[in-house]
1. Out of segment 5-30, which residues are of a type in the set (A, V, I, L, M, F, W, C) and within 17 Å of Phe44 (Cβ to Cβ)?
2. How many residues are at pLDDT below 85 and either hydrophobic (A, V, I, L, M, F, W, C) or within 16 Å of the chain's Cα centre (by Cα) (or both) when one looks only at segment 17-37?
Amino acid sequence: MSSAAASMPGIGDQAPDFTLPGTPDGDPVALSSFRGSKHVLLCFYVYDFSPG
């Protein structure tokens, strides 16, 4: 694990690019593919799809 802490983006900062699996088949989707064309909202739910 890195000892350098990632800095938290501020309000209005551009999000860093990243890629995640975007379909059940695992096809990748990059945040940069939406840059300049759409707004993106990311929501993370703790324990979604987790047993118990």
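1. Ala6, Met8, Ala15, Phe18, Leu20, Val29
2. Number of matching residues: 3.
The values are calculated or read from the model by the stated rules, or taken from the named source; none is laboratory data. Because the structure is predicted, anything quoted here is derived from the model rather than measured. Don't worry about glycine lacking a Cβ; one is built from the backbone with ideal geometry, like all the others, and counts go over all protein chains shown.
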